[in-house]
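Here the structure is laid out as structure tokens; the discussion comes afterwards.
The values are calculated or read from the model by the stated rules, or taken from the named source; none is laboratory data. If you're wondering where the values come from, they're calculated on a predicted model, not measured in any experiment. A quick note on method: Cβ atoms are made from the backbone with ideal geometry, for glycine too, and the neighbour counts reach across all protein chains shown.
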Amino acid sequence: MSFTLSLTGVSKSYRRGDQQIQVLQAIDLIVDAGEFVALMGPSGSGKTTLLNLMSGVDGPSTGAIVVNGTRIDQLGSSQLAAWRSRSVGFVFQFYNLMPTLNALQNVELPLRLTPLTGAERRRRAAIALELVGLSDRASHRPSELSGGQQQRVAIARAIVTDPEFLICDEPTGDLDRQSAVEIMELLQQLNRECGKTLVMVTHDAKAAEYASRLLHLDKGELMA
Ligand code: ADP
Ligand code: MG
């Protein structure tokens with residue numbers, strides 16, 4: 001059986017002074033290509049830490065993380081950064097847009113790390129903005145957009161490099177109900193129609209219903 005992502009015997013602890021804090025323990029998880037996984041759990045249970053390990057933002061203390069046959073926990077930092085920029089798109093609770101750039105320029109940002117020409121970067125950014133339904137807001141700055149629109153820009157930025165994975169950390173956490181529904185429908189569309197593999201942390205049971213699988217994290221341990 002082919003899989004996209006596997007974590008085997010993964011743990012993560014942080015050292016704070018002479019204290020060792022165990023954040024994740026004995027995590028075994030396989031995510032298949034095309035899945036939409038929702039991850040729920042109390043604040044401080046290690047959800048963001050787990051996303052950071054899956055996306056190579058942080059490394060595990062023990063265990064193996066394999067993505068499409070590559071042990072990402074054994075890559076060097078520059079190889080890891082290159083892998084991440086090709087393979088993973090990130091969506092955060094508070095959008096993390098650059099306030100001085102307009103929507104199109106924000107979406108174009110990840111492409112500045114590629115050898116594409118400026119014209120090609122703008123063309124691809126415009127396609128991504130169109131996909132999230134915001135072509136008519138291309139020249140607006142984040143402060144001129146609603147929360148839901150800012151999150152659409154952030155999603156366009158996450159998909160502009162055409163990554164296989166989308167990692168979403170509470171993507172509807174700062175949105176009203178209607179905007180949250182629109183964002184979840186967009187994420188579902190990216191999963192079903194564009195074949196993106198999604199892992200999403202959420203506190204929102206309604207948002208989690210859009211996923212095809214629900215996982216719970218409690219005190220650093222994973223439960224189906
Ligand atoms: P969640 O996203 O579920 O709220 P986190 O993964 O952010 O939880 O954090 C889990 C635990 O790990 C918390 O107790 C937090 O204080 C601790 N933690 C997270 N990152 C670090 C770090 N860089 N250094 C030390 N402790 C950390
Ligand atoms: Mg978190």
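Checking ALA38 against (1) at pLDDT 95 or above; (2) more than 14 Å from the chain's Cα centre (by Cα), which test does it fail? Looking at each condition in turn, ALA38 falls short on (2). Number of residues in the stretch 193-207 that are within 12 Å of ligand 1 (Cβ to nearest atom) and not β-branched (Val, Ile, Thr): the value is 1. SER77 meets the conditions (1) farther than 30 Å from SER146 by Cβ; (2) touching a helix residue (DSSP H, G or I) at 6+ places or on another chain (Cβ under 6 Å) in every case but one. The failed one is (2). Scanning the stretch 109-124 for residues that are surrounded by fewer than 13 Cβ atoms within 10 Å (Cβ to Cβ) and either polar (S, T, N, Q) or touching a strand residue (DSSP E or B) at 6+ places or on another chain (Cβ under 9 Å) (or both) yields one hit, THR117. In the stretch 60-71, the count of residues that are modelled with pLDDT of 95 or more and within 16 Å of ligand 2 (Cβ to nearest atom) is zero. Residue pairs whose Cβ atoms lie under 7 Å apart, sitting 6 or more positions apart in sequence or on different chains, and linking a residue in the stretch 196-213 that is in contact (Cβ under 8 Å) with a residue 24 or more places away in the chain and within 13 Å of GLY41 (Cβ to Cβ) to a partner that is aromatic (Phe, Trp, Tyr) and not in a strand (DSSP E or B), do not occur here.
Under the condition of being in contact with a helix residue (DSSP H, G or I) (Cβ under 6 Å, 6 or more places away or on another chain) and either more than 16 Å from ligand 1 (Cβ to nearest atom) or over 15 Å from GLY56 (Cα atoms) (or both), the residues counted in the stretch 6-23 number 1.
Can you spot a residue in the stretch 56-63 that is in contact with a Leu (Cβ under 6 Å, 6 or more places away or on another chain), within 16 Å of ligand 1 (Cβ to nearest atom) and not β-branched (Val, Ile, Thr)? Checked the stretch 56-63: at least one residue is in contact with a Leu (Cβ under 6 Å, 6 or more places away or on another chain), within 16 Å of ligand 1 (Cβ to nearest atom) and not β-branched (Val, Ile, Thr). Scanning the stretch 80-108 for residues that are among the aliphatic types (A, V, I, L, M) and in contact with a helix residue (DSSP H, G or I) (Cβ under 7 Å, 6 or more places away or on another chain), which turns out surrounded by the fewest Cβ atoms within 10 Å (Cβ to Cβ)? If we take residues in the stretch 80-108 being among the aliphatic types (A, V, I, L, M) and in contact with a helix residue (DSSP H, G or I) (Cβ under 7 Å, 6 or more places away or on another chain), then MET98 is surrounded by the fewest Cβ atoms within 10 Å (Cβ to Cβ).
The numbered conditions (1) in contact with a helix residue (DSSP H, G or I) (Cβ under 9 Å, 6 or more places away or on another chain); (2) farther than 29 Å from ARG157 by Cα; (3) among the hydrophobic types (A, V, I, L, M, F, W, C); (4) near ligand 1 (Cβ under 10 Å from one of its atoms) are all true for ILE27 except (4).
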